[in-house]
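So the structure is just underneath, and the comments pick up after that.
The values are calculated or read from the model by the stated rules, or taken from the named source; none is laboratory data. On a predicted model such as this, the values are computed, not experimentally measured, just so you know. Note: accessible area is taken over every heavy atom of the protein model, side chains too, but ligands, DNA and RNA are not part of it. Shrake-Rupley method; radii C 1.70, N 1.55, O 1.52, S 1.80 Å.
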Amino acid sequence: MAKDSPSFKCTSCNARTTKWAGRCESCGAWNTIVEDTGLSVSGPSKQGMGGRRGKMLELTDLKSMAEAPPRTEAGVAELDRVLGGGLVHASAVLLGGDPGIGKSTLLLQAAARFARNGLKVIYVTGEESAAQVQLRAQRLGLADSPVLLASESNLRDILTTLEAEKPDLAIIDSIQTVWIDTIESPPGSVSQVRASAHELVNMAKRRGISTILVGHVTKEGALAGPRVVEHMVDTVLYFEGERGHQFRILRAVKNRFGPADEIGVFEMTGRGLAEVKNPSALFLSERGKPTPGSAVFAGIEGTRPILCEIQALVSPAPQGQSRRAVVGWDGSRLSMLLAVLESRAGVSFAGLDVYLNVAGGLRVTEPGADLAVAAALMSARENHPLGGQTVFFGEISLSGGGASGDSDGKQVERSAKTWFHQRILAPHGQTQRGAGHRAGRSR
Ligand code: TYD
Ligand code: MG
């Protein structure tokens, strides 16, 4: 039988090739091509387990519940909430994010908090020297926290150290620098990242060491980055933010011990990350007197309502094509809305440049922002400011009606009312009746 020609597979898009390449030709991802040996022709049956019996498993029912796993709070509300109420003992957490977004800063601050709360914390850095981390700790005023520090990237040495020291929490910054000597590929490659994460997560479960792995999001988004590790860990957090803006959002996208989609908001200051207890105030902070083109959107992130300002600018287009530019929202969604306004409401934006911006650098993904965007657009076009006490939310369908299906509607309404009212309109406790009424759906 002719020997099969070698086969390689992209771990990102599953495309097959006959030769190895640094970059996948079909999806463009880097370092994702791995050799794919496939199944042997004769099938696995030849390698069967033979006649030897295994041991009988102990079966249990669904009722008898194990106790909830113990947790430790960091004492940073924005972090604890995202973790689902504190760090779970022996859990594996992945913290992903763009390089430079503040992952190391956040974890150093968290490490100091956990250490102060009685956990034995080891921070292993493979990215920076110990001196660099110490320097950062000094800058953050954390130099005297009882955090143990090591600068290492050899997994064998890291595991040996963790086995001997038996910390409660180990932070590995970052998984892309860790390497196993039994794998040929360089650190940061898919096989290295996958294998070292597997070993570390195993260790976490076996020895009862909570482990936080840092993963950089690579340029193409997914590969050899945090995605490779997501399925192995209990909790996946992403740290997001726009460059040039101070605020950072910590988002739980998977959590075996709490709700996913919860967010924590931080602000990057000269002395590290500070909690933002009232994000709406931050996102609305630059908002002065109501101006034409400005509308407040009431969205919901996790269990909290978030208010933010949507800004629109409409100006006559100098002959030729009119421009549409969007920051913080979906460009094609804007085109759709403009079409709906034109064909269902008879409001034309032809011959006009349209600019849309979500203030504060926030990225809004909820379809519920349609109404706020439409309101901002109309307000800009008519040069007429909207009421300063109005918040908008609601999806707009292609027929021009409000799309149904927002079961959260009532909750948003209630929470947005209280928040807008208490924190924005009357932050010092004065009450104003009737503030923050909900704008009607455009039907
Ligand atoms: P860092 O935590 O090193 O990012 P990551 O680990 O995600 O790559 O943070 C890097 C940025 O944060 C850097 O550009 C400087 C900024 N920074 C501050 O603004 N204030 C601070 O107190 C610290 C420590 C960092
Ligand atoms: Mg870092």
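First compute the accessible area of region 174-238 with a 1.4 Å probe, then give the percent of it belonging to carbon and sulfur atoms.
The computed percentage sits at 54.
Relative contact order, percent, of region 22-142 when contacts are C-alpha pairs under 8 Å separated by at least 6 residues? Intermediate values should be presented prior to the final figure.
Details: 59 pairs, mean separation 17.1, N = 121.
In percent, rounded to a whole number, it is 14.
Give me log10 I(q)/I(0) at q = 0.17 Å⁻¹ for region 240-343, Debye formula, one equal scatterer per alpha-carbon, no solvent.
Log10 of I(q)/I(0), two decimals: -1.00.
Could you give me the ³J(HN,Hα) list for region 312-323, computed from phi with Karplus coefficients 6.51, -1.76, 1.60 and θ = phi - 60°, whole Hz, x at Gly and Pro?
Going residue by residue, I get 10, 10, 10, 9, x, 7, x, 1, x, 6, 8, 9 Hz, with x marking Gly and Pro.
Amide H to amide H, which residues 5 or more places from residue 15 or on other chains are under 5 Å from it, using H placed in the peptide plane?
So residue 15 has HN proximity to 10.
List the residues whose amide H sits under 5 Å from the amide H of residue 94, counting only those 5 or more places along or on another chain, with H placed 1.01 Å from N in the peptide plane.
Placed amide hydrogens put 213, 235, 236, 237 under 5 Å from residue 94.
With every protein chain present, what accessible area does residue 393 have (1.4 Å probe, heavy atoms only), rounded to the nearest 10 Å²?
That residue has around 10 Å² of solvent-accessible surface.
Output the direction-averaged projected area (hull surface divided by four) of the convex hull of the alpha-carbon atoms of region 102-243, in nm². Before the final figure, lay out the partial values.
On the way: hull surface 34.5 nm².
Its Cα hull, projected and averaged over all orientations, spans 8.6 nm².
Please give the solvent-accessible surface of residue 336 in Å², to the nearest 10, using a probe radius of 1.4 Å with every protein chain present.
50
To the nearest 10 square angstrom, what accessible area does residue 24 show with a 1.4 Å probe?
Spelled out: residue 24, probe radius 1.4 Å, area about 0 Å².
If 216, 231 are ordered by their accessible area, calculated over protein heavy atoms with a 1.4 Å probe, which sequence runs from highest to lowest?
Greatest to least solvent exposure: 231, 216.
Once phi is turned into ³J(HN,Hα) by the Karplus curve 6.51 cos²θ - 1.76 cosθ + 1.60 with θ = phi - 60°, what whole-Hz value does each residue of region 333-345 show in order, with x for glycine and proline?
Each residue's phi maps through the Karplus curve to give 5, 5, 4, 5, 5, 4, 5, 5, 4, 5, 7, 9, 10 Hz.
Per residue, how big is the convex hull of region 215-282 when only Cα atoms are used? Give it in Å³. Working shown, then result.
Numbers: hull volume 7.8 nm³, N = 68.
About 114 Å³ per residue, rounded to a whole number.
Order 144, 181, most accessible first, counting only protein heavy atoms with a 1.4 angstrom probe. Mind showing how you got there, number by number?
Values: 144 130, 181 80 Å².
Result, largest first: 144, 181.
Taking amide H positions as placed in the peptide plane 1.01 Å from N, state which residues far from residue 391 in sequence (5 or more) or on other chains have amide H under 5 Å from it.
437, 439
Sorted by accessible area (1.4 Å probe), largest first, how do 20, 329 line up?
Values: 20 140, 329 20 Å².
Greatest to least solvent exposure: 20, 329.
Please report, in cubic angstrom per residue, the volume enclosed by the convex hull of the alpha-carbon atoms of region 161-216. Don't skip to the end; give the middle numbers.
On the way: hull volume 4.1 nm³, N = 56.
Considering the Cα atoms of region 161-216, their hull volume per residue is 73 Å³.
Through the Karplus equation 6.51 cos²θ - 1.76 cosθ + 1.60, θ set to phi - 60°, convert the phi angles of region 144-160 into ³J(HN,Hα) values in whole Hz; use x for Gly and Pro.
Once rounded to whole Hz, the list reads 9, 6, x, 8, 8, 10, 9, 10, 7, 9, 7, 4, 4, 5, 5, 5, 4.
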